[in-house]
Amino acid sequence: MDVHPEITPPSNFHHFRDTTLLFLLIVFPNYMFSQREHIMMVLGMPYLLVASARAGGIDMPRRLRIATGLMAGLGFAMKPYFLAFPLLVELYVLSRRGFRSTATDAAPWSVLAVCVAHALFAVLVTPEYFTQVLPMAQDFYSRVADTDLFDLATGTNLAAPTIILPLLGIVAFWGVRSHLSRVIFLAGVAGLISAYAQGKGWPYHALPARAFTLFLAGTAIASVLDNTAWLRRGDRRPARWFASALMLLVFYQHGLARVPFAQQLAYDDSEVKKLADIITPQRLDNRILILSPGIYPHFPLLNYTDMKMTMRFESMWLLQGVYAECNDNGDIYNDPARMSDNEAMVFRSVSEDFNKARPSLLIIDKIAGIPECLVDMPFSYLDYFNRNPLFAERFLDYEPLLEYDRYEIYVRRR
């Protein structure tokens, strides 16, 4: 067994690690809680801890390696970008343990088994994911808020980890000399790869890179504290004090931008509450259609009012991708006969669902999130879909209720 005791973390370090992990997984995500990046971190963190022990030659129970591998596989399978995490980590373990030891380890095979099973399930049970969803995402989603490499690297969410993580990597490999620090560094690099590959620079895309950068900084300083000569061996207080101080500092800084529980405390004055008060007395059933490029406040509005969207899409981001640039011929809307297959599917399916479901309420967002190509003629979802005879015929059953903020609200006649 290839054991490297000279780079095994000291026992005091575990107190910092465990406390900080709880902070990074529960408190730090704040408004990004339960995003796929956050869920991946929660499911993958035990695997990363076990991987650092495997790299050091520590004999871990087989059931633990399998269990953490299966959990991590569920997290990594949620987005193809997340495969960078096990790839980089397993290459590091391979470099420390050698091929034979790594090839017979149950942990990486458990991760691979879940990812392969997920792919096979998609191919066999939901083949439309490859024939419809992926082409649609490539045609639409890639054009929404797409950001070039320079803007990503200098943006608010990725600038700090992009600059700081490589510097901490030098410390992890040639300073602190702990397997955990190195695995954390590689996880941070995988987080950067994932964020850059998605090309948006959105906060939750950058969450893993930021969290692992913070974790690596803490582990490096904690390791230095644990090995400082003037500290009494076995004294656990320095690591605890440092963990608490670091978490308070980061939480305070993070809270300056996003006050914890601010949205919950301000619920009575929120758009969600006001829209809920408007639509609840008017509902004839639990069906509603909202044509908007956004997610909030429609979600969680639908959850709070126990209503269901009557279209197959959660928002109109698809049309944002189609009309990200103005048409060369000067038309605001594409002629139905000349629409791409994906746009035609949206144009048809939304109208068909609206005609069939007859929702109680129709909410139109006046801000479509689409460039205004003609002066004083913004893109209108109502005008766009009214060109479909099914939608136009069903819309005759609706009358205006009121306008609230950016929304036009229509109610179905009884």
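For this structure, a couple of remarks:
- Look at where the Cα atoms of region 89-155 and of region 35-76 average out, and the two centres are 16 Å apart.
- Backbone amide hydrogens, once placed in the peptide plane, bring residue 316 within less than 5 Å of 292, 294, excluding anything fewer than 5 places away on its chain.
- Taking amide H as placed 1.01 Å from N in the peptide plane, the amide H of residue 401 sits under 5 Å from that of 409, 410, 411, each at least 5 places away or on another chain.
- By the Cβ distance rule (another cysteine Cβ under 4.7 Å), the unpaired cysteines of the chain are 115.
- Proximal charge balance of residue 43 [Cβ under 14 Å; K/R count +1, D/E count -1]: +1
- Protein-only accessible surface order, largest first, of 384, 304, 31 at 1.4 Å: 304, 31, 384
- Only protein atoms count toward the accessible area here, which uses a 1.4 Å probe; on the chain, the carbon and sulfur part of that area reaches 61 percent.
- By the Stokes-Einstein formula, at 1.002 mPa s and 20 °C, region 90-185 with its Kirkwood radius over alpha-carbon pairs has D equal to 122 µm²/s.
- The residues of the chain expose, per residue, 51 Å² of accessible area to a 1.4 Å probe.
- Its DSSP H runs of at least 4 residues, each contributing -39,500 (n - 2.57), put the calculated 222 nm mean residue ellipticity of the chain at -17500 deg cm²/dmol, to the nearest 500.
- Put a plus charge on the Cβ of each Lys and Arg, a minus charge on the Cβ of each Asp and Glu, and nothing anywhere else: the dipole of the chain about its Cα centre is then about 2100 debye.
- Distant-in-sequence amide H partners of residue 287 (H built 1.01 Å from N, under 5 Å): 308, 360
- Across 308, 79, the residue with the most accessible area heads the list, and the full order at a 1.4 Å probe is 308, 79.
- Within the chain, DSSP assigns beta bridges of which about 65% are antiparallel (rounded to the nearest 5).
- The string of couplings for region 267-273 from the Karplus curve (6.51, -1.76, 1.60, θ = phi - 60°) is 4, 4, 9, 7, 4, 4, 5 Hz, one whole number per residue in order, with x for Gly and Pro.
- Hull volume per residue, based on the alpha-carbon atoms of region 325-365 and their convex hull, is 94 Å³.
- Max-minus-min Cα coordinates of region 69-115 on each principal axis give 29, 17, 11 Å, with the largest extent listed first.
- When 403, 271 are compared by accessible area of protein heavy atoms, the largest-first order is 403, 271, using a 1.4 Å probe.
- Rolled with a 1.4 Å probe across the full set of protein chains, the surface gives residue 18 an accessible area near 70 Å².
- Diffusion constant of the chain at 10 °C, which comes from Stokes-Einstein with the Kirkwood Cα-pair radius and 1.306 mPa s, µm²/s: 65 µm²/s
- Extent of region 320-414 along its three principal axes (Cα atoms, max minus min coordinate, largest first): 44, 30, 17 Å.
- Separation between Cα centres of region 165-225 and region 319-364, rounded to whole Å: 43 Å
- In Hz, Karplus ³J(HN,Hα) per residue of region 21-35 (6.51, -1.76, 1.60; θ = phi - 60°; x = Gly, Pro): 4, 4, 5, 5, 8, 10, 8, 4, x, 6, 6, 8, 4, 6, 5
- Packing-based ranking of 263-269, 48-54 yields 48-54, 263-269, ordered from highest to lowest mean Cβ neighbour count within 10 Å.
- Global geometry of region 35-97, whether rounded, prolate or oblate, following the gyration tensor of its Cα atoms and the 1.5 cut on a/c: oblate
The values are calculated or read from the model by the stated rules, or taken from the named source; none is laboratory data. Since we're looking at a predicted model, the values are computed, not measured. Virtual Cβ from ideal backbone geometry, glycine too; neighbours counted across all protein chains shown. Accessible surface areas use protein heavy atoms only, side chains included; no ligands, DNA or RNA. Shrake-Rupley method; radii C 1.70, N 1.55, O 1.52, S 1.80 Å.
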